[in-house]
Amino acid sequence: MSLIQRIHGAVAARSFSFAARWWRLATLALLACTITAPARSDDPATYHVRKICDRPTGCFTTIQAAVDAAKNDQSVGWVLVDVGPGDFNEKVVLNRDKIRLMGAGPTRTRLHFDSVAEYAGHYDRDNWGTPGSATLAIAADDVAIRKLTIENTFDYLANDALPPGDPRKISNSQGLAVLLDTDSDRISFDKVHLIGYQDTLFTHGKRALFRNGVISGNIDFIFGSGMLLIENSTIRSRRRAASIPPGGFASFITAPSTPANQPIGIVIYRSRLTREPGVADGSVALGRPWHPTTTFPDGRYADPQAIGQAIFIDCFMDAHIHPDHWTSMAGTAPDGSKNRLFHAADSRFFEQGSSGPGSRRRPVDIKWTNPPTIAEVRQILFAGWDYPMG
């Protein structure tokens, strides 16, 4: 071998040795970074809910247990409760801000509970059975519910079928799927199914958004005083077991109790109003005005300042919608009787761009003439709300 060849060989060997040492050092450094790098600060803490837990920590067999653990998390950021497939038979209270409740899909994850207002007063701070009956109660800000079904399984139809005067029949047959409690704001639902009969969704807090889902029920099944926008969803009326006179109202979709000084009530936008089998043509009202019985210095009677607002914009309406569209509702008079009648004409009811066989209506002389546009609804609803971030 010549001198030049020996020199080239030595240089090549040293170069290979250097490259190998550099590669080993780089690999070790990368591995160290991978092992020691902290989690991103914006990754939420996750609490898993499974029918059978397959991990030693961070997994729970009930939703409430996971929510309670999340509440003990003292961080100010979002937390995630990740619920796997299955049926979860429990009542749940969400009372931690910035929490996401995420299922595996509305046909795969189901939260359900059998409760009715007649016997649910002990669940409520004021011994009020209606909110006490809720399968899911939300008393927090910045809550996001995704991809699950929430159902109240009280057998409403069996009770509805009993004749008046039957000692087995209960009068307080409300059974909530969801309560948005007074201490709730910026609540969002996406790809969620809410199932009940009477009073399925009680909007009793501040602002809420419901998108891409299903709400089903019969009597006043979307009701309350809060600001609620429902869009791109199905509003499904369910049948009654009681006999309804021809031409009468079997059920009512909304029953708003919006305060007179509140600009937004219940707004349903670009949604489909459908029905289950057994719901007759022309039997369901879009809404009626609820004036809740309230205690005042001079007595206890229907709140005269609850001027309910319900707006339907660009909605498809099937033939089950009554040709009057709106109707009246009785409230408590100062003498305690239920003979005070509140009329649709005195409420803030409005519809625009309706289509389908149920869109045809008889004229109702509603006095309210200045409804907000959908752009104004969004502006008011999302003020200070960084949606869809959470």
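The values are calculated or read from the model by the stated rules, or taken from the named source; none is laboratory data. Computed from a prediction, not measured in an experiment: that's the story for all the values here. Methodologically, a virtual Cβ is constructed for each residue, glycine included, from the backbone with ideal geometry; neighbour enumeration extends over all protein chains shown. Note: accessible area is taken over every heavy atom of the protein model, side chains too, but ligands, DNA and RNA are not part of it. Shrake-Rupley method; radii C 1.70, N 1.55, O 1.52, S 1.80 Å.
The lone criterion from (1) surrounded by fewer than 16 Cβ atoms within 10 Å (Cβ to Cβ); (2) touching a Lys or Arg at 6+ places or on another chain (Cβ under 8 Å) left unmet by Phe296 is number (2). Condition check for Tyr387 on (1) of a type in the set (Ser, Thr, Tyr); (2) at pLDDT below 95; (3) more than 25 Å from Asp185 (Cβ to Cβ): one failure, at (3). Please enumerate the residues belonging to the range 119-165 that are part of a loop (DSSP other than H, G, I, E, B), under 28 Å from Thr295 (Cβ atoms) and open to solvent by 40 Å² or more (accessible area, probe 1.4 Å). Scanning the range 119-165 gives Arg125, Asp126, Asn127, Trp128.
The one condition from (1) among the small types (Gly, Ala, Ser); (2) part of a strand (DSSP E or B); (3) modelled with pLDDT under 95 that Ser216 does not meet is (3). Applying a threshold of 6 Å to beta carbon distances and a minimum spacing of six or more residues, or different chains, the list of pairs starting in the range 149-177 at a residue that is under 16 Å from Asn218 (Cβ atoms) and ending at one that is open to solvent by less than 20 Å² (accessible area, probe 1.4 Å) and of a type in the set (Asp, Glu) reads Gln174/Asp199; Leu176/Asp199. Looking at the range 377-390, which of the residues that are free of Cβ contacts under 8 Å to residues at least 12 places away in the same chain and open to solvent by 70 Å² or more (accessible area, probe 1.4 Å) is nearest to Gly265 (Cα to Cα)? Of everything passing the filter in the range 377-390, Gln379 is nearest to Gly265 (Cα to Cα).
Okay, residues lined up against (1) in contact (Cβ under 8 Å) with a residue 40 or more places away in the chain; (2) of a type in the set (Phe, Trp, Tyr); (3) outside any strand (DSSP E or B):
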{"residue": "Pro304", "(1), (2), (3)": "no, no, yes"}
{"residue": "Phe312", "(1), (2), (3)": "yes, yes, no"}
{"residue": "Asp324", "(1), (2), (3)": "yes, no, yes"}
{"residue": "Asp335", "(1), (2), (3)": "no, no, yes"}
{"residue": "Lys338", "(1), (2), (3)": "no, no, yes"}
{"residue": "Leu341", "(1), (2), (3)": "no, no, no"}
{"residue": "Ala345", "(1), (2), (3)": "no, no, yes"}
{"residue": "Glu351", "(1), (2), (3)": "yes, no, no"}
{"residue": "Asp365", "(1), (2), (3)": "no, no, yes"}
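Just one of the listed residues (Asp183, Asp199) is closer than 20 Å to Ala137 by Cα and either in a strand (DSSP E or B) or modelled with pLDDT of 95 or more (or both), and it is Asp199. Just one of (1) crowded, with 23+ Cβ neighbours inside 10 Å; (2) hydrophobic (A, V, I, L, M, F, W, C); (3) in a helix (DSSP H, G or I); (4) touching a residue at least 60 places away in the same chain (Cβ under 8 Å) fails for Ala66. It is (4). When residues in the range 308-348 are screened for being charged (D, E, K, R), under 17 Å from Arg236 (Cα atoms) and touching a Phe, Trp or Tyr at 6+ places or on another chain (Cβ under 8 Å), 1 of them pass.
In the range 349-364, which residue that is open to solvent by 30 Å² or more (accessible area, probe 1.4 Å) and in contact with a Phe, Trp or Tyr (Cβ under 8 Å, 6 or more places away or on another chain) is farthest from Pro289 (Cα to Cα)? For the range 349-364, the residue satisfying everything is Ser355. Do you know which residues across the range 83-118 are among the hydrophobic types (A, V, I, L, M, F, W, C), outside any loop (DSSP other than H, G, I, E, B) and either more than 20 Å from Ala70 (Cα to Cα) or touching a residue at least 60 places away in the same chain (Cβ under 8 Å) (or both)? Scanning the range 83-118 gives Val83, Phe113, Ala117. Tell me, please, whether a residue that is within 24 Å of Asp318 (Cα to Cα) and at pLDDT below 90 can be found in the range 364-378. Among the residues of the range 364-378, at least one is within 24 Å of Asp318 (Cα to Cα) and at pLDDT below 90, which makes the answer yes.
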